[in-house]
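Reading through the structure tokens given below for one structure.
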Amino acid sequence: MEKRVIDGIEIEVGSGNVFADLGLPDAEKLKIKSGLVFEITKAIRRLGLTQEQAARRMGIAQPKVSGLLRGDFANLSERKLMDCLTRLGYDIEITVRQAEAETGHLVLAAG
């Protein structure tokens, strides 16, 4: 990882994926899921939903909504998180194309 000195303080420049920087397994998967959770949280706030209202709309139990809003998304799949987003009024597009490198990667682009 690249190191720099700013105002006399040595810092490490992140890779753009905090989960990978921390050495966690499945870092790409965690990055995608956290991006989906971020969008769900924004939608719930934008719509002014209570946790119970959000739970009914997303088709999950209220304690899972509470967990999501606290950053606990380990028990929900990417597919379920995408389903929650569509139930909150989001369109999701998945584009697949051949990578330029030998190994491809996942990218979440939210707009």
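The values are calculated or read from the model by the stated rules, or taken from the named source; none is laboratory data. The structure presented is a predicted model; accordingly, all values stated were derived computationally and were not measured. Here the Cβ positions follow ideal geometry from the backbone for every residue, glycine too, while neighbour counts run over all protein chains shown.
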Check: Out of (1) touching a Lys or Arg at 6+ places or on another chain (Cβ under 7 Å); (2) under 21 Å from Ala109 (Cβ atoms); (3) among the β-branched types (Val, Ile, Thr), the odd one out for Val13 is which?
Finding: (2)
Item checked: Failed condition for Leu36, given (1) more than 30 Å from Ala55 (Cβ to Cβ); (2) of a type outside the set (Lys, Arg); (3) surrounded by 14 or more Cβ atoms within 10 Å (Cβ to Cβ) -> (1)
Next item on the list: Please state which one of Asp83, Asp7 is out of contact with any Cys (no Cβ under 6 Å at 6 or more places or on another chain) and touching a residue at least 24 places away in the same chain (Cβ under 8 Å).
Entry: Asp83
Next item on the list: List the number of the failed condition for Glu78; all other conditions in (1) surrounded by fewer than 17 Cβ atoms within 10 Å (Cβ to Cβ); (2) under 13 Å from the mean Cα position of the chain (by Cα); (3) modelled with pLDDT under 95; (4) closer than 13 Å to Ala110 by Cα hold.
Entry: (4)
Check: Restricting attention to segment 59-111, which residues are in a loop (DSSP other than H, G, I, E, B) and among the basic types (Lys, Arg)?
Finding: Arg70, Arg97
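Could you please give the count of residues in segment 53-68 that are surrounded by fewer than 16 Cβ atoms within 10 Å (Cβ to Cβ) and in contact (Cβ under 8 Å) with a residue 12 or more places away in the chain? It would help to see each step written out before you state the result.
Of the residues in segment 53-68, the ones surrounded by fewer than 16 Cβ atoms within 10 Å (Cβ to Cβ) are 53, 56, 59, 61-63, 66.
Then keep just the ones that are in contact (Cβ under 8 Å) with a residue 12 or more places away in the chain; that gives 59, 66.
Looking only at that region, the number is 2.
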